[in-house]
Amino acid sequence: MRIPFNKVHFAGNEEKYVLDALHSGAHCGNHKYCSKVVDLMKDQFNFGDVFLTPSGTAALEMGIVLAGIEPGDEVILPSYTFSSTVNAVVLFGGIPVFCEVDPITMNIDATKIEALITEKTKMILPIDYAGLSCDIEMIMEIANRHNLIVFQDCAQSYGSYYKNKACGAEAHIAAFSFHETKNFNAGEGGALVVNVPEWHERAYFLQEKGTDRRLVLKGVKNKYSWVDKGSSYLLSDILAAMLYAQLEKEEAIRTKRSAITDAYSNLFAPFMNKGHIQMLSSTDDHKLNHHAFWVVFDTMENSVRFMEMLREKNVSVYIGYLPLHSAPMGLKYGYKAEDLPLTEDLASRITRLPFYTDLADNGLEYCIESMNEVLNKIYQ
Ligand SMILES: Cc1ncc(COP(=O)(O)O)c(C=O)c1O
């Protein structure tokens, strides 16, 4: 049997909705299916307003412009994240200030943020690694005390909650990804959630190439003009149709994926109890979307052995992110690997396991058997 790392899932109505969107004659952004997705997200998660974008990366960039990040402004973010998180900052002249992660969650360590705040700090940009929410409550408290903006990178956490509030609902702004590797797939796609009411109108202008076209569509004006900075941050209605077919089946998808988290947790629990590994673990404060599963091994050698032996069994397991601060671009910003020793160490020992919706029905047993065999060989 061959187990890929990721595989796309069909929720049922994709073809029907995509054909409907195709034949509607309206293929660009903010049409029927975009509106359906936006309404669904607002109703379900209590988001202020939602702007569908061509990717999570584009949502991050749009958010940085909307938040008014200017050259020289400092943005505090974890080093343990995807390049898109930091690129959005540096593309507009912002300076990344990297923070260590919490080894229990692999998210930014909120207790270490305040020490990094300077006169130039404008924003805190946490992520929700593997779909597990960061400590958004503590991060908002710090931000309010220092008058900072919080931009939550929820690329992996659509449908996750922290203390009964949806990821993305508490921060000033939040970015989601609907890339095919995510729980809900538009091929490529994303969303920017804007929870500051005074920013909503400007967000429409930014999304529509810096024009007030929206006011023409609303009948307020008869000609639109260039009123702000902007770009084309719109998702095609055809892709939104595909996305809607997936989002309407959110609970069924969550249930299937939860079986994978449960199976991996049960397999690794005895090894965690013996102190060999750390793994993704949620508390009563978290409700997971079951996006991914990670394991941190006791040594880098054991992590490498685990990956190699599983690949021999055709099970695809991978390392996590390579830290940003010690990547070639991080070094250009003046960082050295030793600046964030904890992140360096954890990143060298972390492994991500195969995780996709249909694995629950086909392949999970093989994964568990193979991993059990390998773990018993490593820790015999
Ligand atoms: C934390 C994080 N931010 C941003 C992105 C970028 O999203 P997209 O691929 O939709 O541009 C990803 C993608 O994996 C991600 O994991």
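The values are calculated or read from the model by the stated rules, or taken from the named source; none is laboratory data. None of these values were measured; they are calculated from a predicted model. Counting neighbours? That spans all protein chains shown, and the Cβs are built from the backbone with ideal geometry, glycine included.
Within the stretch 60-73, identify whether any single residue is surrounded by 24 or more Cβ atoms within 10 Å (Cβ to Cβ), without any contact (Cβ under 8 Å) to a residue 60 or more places away in the chain, assigned to a loop (DSSP other than H, G, I, E, B) and more than 10 Å from the ligand (Cβ to nearest atom), and answer yes or no. Among the residues of the stretch 60-73, at least one is surrounded by 24 or more Cβ atoms within 10 Å (Cβ to Cβ), without any contact (Cβ under 8 Å) to a residue 60 or more places away in the chain, assigned to a loop (DSSP other than H, G, I, E, B) and more than 10 Å from the ligand (Cβ to nearest atom), which makes the answer yes.
Scanning for something touching a residue at least 40 places away in the same chain (Cβ under 8 Å) and more than 25 Å from Lys209 (Cα to Cα), does the stretch 19-32 turn up at least one residue? Within the stretch 19-32 (the criterion being touching a residue at least 40 places away in the same chain (Cβ under 8 Å) and more than 25 Å from Lys209 (Cα to Cα)), the answer is yes, since at least one residue qualifies. Each residue in the stretch 15-39 was checked for being closer than 16 Å to Lys249 by Cβ and either over 19 Å from the mean Cα position of the chain (by Cα) or in a loop (DSSP other than H, G, I, E, B) (or both), and 6 of them qualify.
Among the residues of the stretch 342-364, is any under 26 Å from Val75 (Cα atoms) and over 22 Å from the mean Cα position of the chain (by Cα)? Yes, there is a match, as at least one residue in the stretch 342-364 is under 26 Å from Val75 (Cα atoms) and over 22 Å from the mean Cα position of the chain (by Cα).
Yes/no per residue for (1) in the same structural domain as Thr105 (by TED's automatic domain parsing); (2) within 16 Å of the ligand (Cβ to nearest atom); (3) free of Cβ contacts under 8 Å to residues at least 40 places away in the same chain; (4) within 23 Å of Glu251 (Cβ to Cβ):
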| position | (1), (2), (3), (4) |
| --- | --- |
| Ser133 | yes, yes, no, yes |
| Arg145 | yes, no, yes, no |
| Tyr158 | yes, yes, no, yes |
| Val194 | yes, no, no, no |
| Lys209 | yes, no, yes, no |
| Trp226 | yes, no, yes, no |
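Checking Ala169, Ala191, Ala174 one by one, the residue that is out of contact with any Ser or Thr (no Cβ under 8 Å at 6 or more places or on another chain) and buried (at least 23 other Cβ atoms within 10 Å of the Cβ) is Ala174 and no other.
In the condition set (1) touching a strand residue (DSSP E or B) at 6+ places or on another chain (Cβ under 7 Å); (2) surrounded by 21 or more Cβ atoms within 10 Å (Cβ to Cβ); (3) not aliphatic (A, V, I, L, M), Asp298 is compliant with all but (2). Check the stretch 109-124 and report whether any residue there is under 23 Å from Val295 (Cβ atoms), of a type in the set (Asp, Glu), within 16 Å of the ligand (Cβ to nearest atom) and not in a helix (DSSP H, G or I). No, the conditions are met nowhere in the stretch 109-124.
With respect to Thr105, determine if the residue is within 16 Å of the ligand (Cβ to nearest atom), in contact with a strand residue (DSSP E or B) (Cβ under 6 Å, 6 or more places away or on another chain) and in a loop (DSSP other than H, G, I, E, B). No.
Being among the aliphatic types (A, V, I, L, M), outside any loop (DSSP other than H, G, I, E, B) and either more than 23 Å from Lys256 (Cβ to Cβ) or in contact with a Gly (Cβ under 8 Å, 6 or more places away or on another chain) (or both) is a property that does not hold for Val295.
Exactly one residue out of Ile149, Ile127, Ile139 is more than 16 Å from the ligand (Cβ to nearest atom) and touching a helix residue (DSSP H, G or I) at 6+ places or on another chain (Cβ under 8 Å): that is Ile149. When Ala259 is tested against (1) surrounded by 18 or more Cβ atoms within 10 Å (Cβ to Cβ); (2) not assigned by TED's automatic domain parsing to the domain that holds Ser24, exactly one condition is not met: (1). Entry remark, the stretch 262-287: residues being touching a helix residue (DSSP H, G or I) at 6+ places or on another chain (Cβ under 7 Å), over 19 Å from Ser303 (Cα atoms) and assigned to a strand (DSSP E or B) number 0 in total.
Would you point out the residue of the stretch 171-187, among those that are in contact with a helix residue (DSSP H, G or I) (Cβ under 7 Å, 6 or more places away or on another chain) and over 15 Å from Gly63 (Cβ atoms), that is nearest to the ligand (Cβ to nearest atom)? Once the filter is applied, the top-ranked residue is His179.
Within the stretch 170-220, work out how many residues are within 20 Å of the chain's Cα centre (by Cα) and closer than 23 Å to Ile149 by Cβ. Total satisfying the criteria: 14.
Restricting Asn30, Asn87 to those that are at pLDDT below 95 and out of contact with any Gly (no Cβ under 8 Å at 6 or more places or on another chain) reduces the list to Asn30.
Of the candidates Ser303, Ser258, the single residue that is modelled with pLDDT of 95 or more, of a type in the set (Gly, Ala, Ser), closer than 19 Å to Tyr379 by Cα and assigned to a helix (DSSP H, G or I) is Ser303. With respect to being hydrophobic (A, V, I, L, M, F, W, C), part of a loop (DSSP other than H, G, I, E, B) and at pLDDT 95 or above, Leu310 falls outside the description.
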